[in-house]
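Data first, discussion second: the structure below is written as C-alpha cells.
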Amino acid sequence: MISKKDLEKVLRTIVKTGKVVIGSKEALRSVKGSKIVIYSSSLSEEKISNVVKECKSLEVPLMKFEGTSVDLGRICGRLYPISAMAIKSPGEGDLSLLIV
C-alpha cells in the first residue's frame, strides 16, 4: 500500500506532466484508453457502480482515493473538488505505485 505522502507526490507529478481527465462524467466517458481511474469517497454509490462496471468491462484498473473530493482536488493543485479522474498518460509520474 502506498503512503499518503507518496500518493500525493505521484498524483501531483501526473497532473503536472501527464494527461488526465477530471470529473466523474468525463472520466466515465474516458475509461477506454485510460491507464487507471481514481475516484474519491465523495462519489455517489450510483456513479461508483457505473465507473466500476465500465472499468471492469474494459479491464482498466480502478483506485479508490481514501479522502473527499476536496482533498483530491487540493492534491491535484485544483481549487475545486475532484470526484473522479482518469489518467490517460502518467507523464513523469510512476504509475506502478498506483496500480496494485
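What follows is calculated from the coordinates using simple rules that are stated; it is not laboratory data. Every value quoted in this text rests on a predicted model; they were computed, and no experiment measured them. Please note: Cβ atoms are built from the backbone with ideal geometry, for glycine as well, and neighbour counts cover all protein chains shown.
For the stretch 77-90, the Karplus equation 6.51 cos²θ - 1.76 cosθ + 1.60, evaluated at θ = phi - 60°, returns couplings of x, 9, 8, 9, x, 10, 7, 7, 8, 10, 9, 8, 9, x Hz by residue, with Gly and Pro reported as x.
Compared with the alpha-carbon gap, the fully stretched path from GLU45 to LEU95 is longer by 15.4 nm at 0.36 nm per residue.
Dipole size of the stretch 4-97 about its Cα centre, with +1 on Lys/Arg Cβ and -1 on Asp/Glu Cβ: approximately 220 debye, rounded to the nearest 20. Using the Cβ-Cβ distance between GLU59 and GLU26 with R0 set to 22 Å, the FRET efficiency from 1/(1 + (r/R0)^6) comes to roughly 0.65.
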